[in-house]
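A short worksheet on the structure shown next.
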Amino acid sequence: MPTDAGIAKPQRGFVIAVAMTVASWIFVLAGAGMGMSPWGMSVLVIPRHGGGMMMAVDWTATYAVHMVVMWWIMMLAMMLPGVLLAIRLRWTSVQCSPEFLGVYATVWFGFSVFATGLQYAFQSASWFDAMRMLSVNNALSVCLLVVAALPQGLLLLRAHRRTSGTPNERARSASNYAVRCLIYSASMMLLMFIGGLMNLVWTAGLSLWAAIQKSPNGTIIAPASALIICLLVGANIFLNSKY
């Protein structure tokens, strides 16, 4: 029979997770510490690339740390709502303990460091606008789109053979669950480079997609919807390049 401490631990973890989610979204909605409002940058379609000069940013150690923190909190804001829903509705057997949250946050911190490295590389090549926080190179956008779509296509194919599932399945530990979430979602998170890191519409949309992915029917619905999203984004890029 579970002890009071054993029961209280997941409950305490769930409360902490809710607080982390709320705090993360407040940070994102307030502009992620970038000193500019995200509301004017929040659009459904991909903004047309302007032909003007891009703002130069000096990548100091302070700026790099800021970018890592921005990516990290943005990832937590997008991923935690789905995790909370999965745990609350018992779509997964993983318990929301403080240890689980620590592992989950650490895994996405690693992704945030990687994403920041990509942002630095793209910006150094003049493919990324530091002011609008998005890709201004169609070739880069298409490459990111392919990187996002391919894993989802493979997941959809594997789902028909029942050799794959949602991140909730086969998750026997906190680290296993966190890593599976990363594997299933990381490629789609790179679409933020195309839509804009400050684009609240895309942030909310990908958060909703991540929650669907963790649902019992997410095995088919999530990769299928991801491919549809990628097709629509690809059409948007094509139209922007033509007109």
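No lab work stands behind these numbers, since they all come straight from the coordinates. Just so it is clear, the model here is predicted, and its values are computed rather than measured. Positions of Cβ are generated from backbone atoms using ideal geometry, with glycine treated the same way; all protein chains shown enter the neighbour counts.
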TODO: Only helical DSSP H runs with n ≥ 4 go in: add -39500 (n - 2.57) per run for the chain, normalise by residue count and round the 222 nm mean residue ellipticity to 500 deg cm²/dmol.
DONE: -23000 deg cm²/dmol
- [ ] With r as the distance between the Cβ atoms of S37 and I220 and R0 = 41 Å, compute the FRET efficiency 1/(1 + (r/R0)^6) and round to 0.05.
- [x] 0.60
Task: Burial ordering of L239, L144, fewest other beta-carbon atoms within 10 Å first - done: L239, L144
- [ ] Towards the positive end of the charge dipole of the chain, with charges on Cβ (+1 Lys, Arg; -1 Asp, Glu), say which of V83, G35, M131 has the farthest Cα.
- [x] V83
Open item on the list: If the elastic network links every pair of Cα atoms under 10 Å, which of Q152, Q95, Q11 fluctuates the most in the Gaussian network model of the chain?
Closed with: Q11
TODO: Once you've got the GNM for the chain with C-alpha springs shorter than 10 Å, pick whichever of M34, M67, M188 has the biggest mean-square fluctuation.
DONE: M34
Open item on the list: About the Cα centre, and with charges only on the beta carbon of Lys, Arg (+1) and Asp, Glu (-1), how big is the dipole of the chain? Nearest 20 debye, please.
Closed with: 700
Open item on the list: Over 10 Å intervals from 0, what percent of Cα-Cα pairs in the chain sits in each interval?
Closed with: 7, 31, 35, 20, 6, 1, 0
- [ ] For A204 and A139, compute 0.36 nm times the residue count separating them, minus their Cα-Cα distance, and round to one decimal in nm.
- [x] 20.9 nm
Open item on the list: For the pair V146/R90, report the inter-label distance in nm, with labels modelled 7 Å from Cα in the Cβ direction.
Closed with: 4.6
Open item on the list: At most 16 other C-beta atoms within 10 Å and a DSSP loop state: those are the exposed trypsin sites (Lys or Arg not before Pro) I care about. Give me the longest piece of the chain that has none.
Closed with: 173-243
